[in-house]
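Before any comments, here is the structure.
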Amino acid sequence: MDKKLNALALGYSAGILSALAMLAMWILDKFGLYAGAINMMEQWHLFFSPSIGGLIGGMIEAAIISFVFGYLFAYIYNKLA
């Protein structure tokens, strides 16, 4: 049985989930929780900051990076399988 991963579906789902995770962390920061994680996200992500603009930029950045890695993972998996 030849099973292949749908590369686009994996890329889209990874992008959406990472953007939602960024939103969840931002919301938790507004409640005063996980301040250390927010500091790490500011260091690791080029466009993220605790402002609304930083949230949108961080979500876009996270979605694009996760899409690329998810798509490449599925593509390489399908070539090797």
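Values quoted throughout were computed directly from the atomic coordinates according to the rules given, and no laboratory measurement underlies them. Please read these numbers as outputs of a predicted model, since none were measured by experiment. FYI the Cβ positions are ideal-geometry reconstructions off the backbone, even for glycines, and counts take in every protein chain you see.
For this structure, a couple of remarks:
- Each listed q (0.25 Å⁻¹) maps to a log10 I(q)/I(0) for the chain, found by the Debye formula over equal Cα scatterers with no solvent: -1.05.
- Largest GNM mean-square fluctuation across TYR34, TYR71, TYR12, computed for the chain with C-alpha springs under 10 Å, falls on TYR34.
- Inter-label distance, LYS3 to ILE27: 3.3 nm, where each label sits 7 Å from its Cα along the C-beta direction.
- Relative contact order (%) - criterion: Cα under 8 Å, at least six apart; region: the stretch 7-80: 48
- Considering only GLY36, GLY58, GLY15, the mean-square fluctuation computed in a Gaussian network model of the chain, springs between alpha carbons under 10 angstrom, is largest for GLY36.
- Ellipticity estimate at 222 nm from DSSP helix runs (n ≥ 4, -39,500 (n - 2.57)) divided over the chain, nearest 500: -27000 deg cm²/dmol
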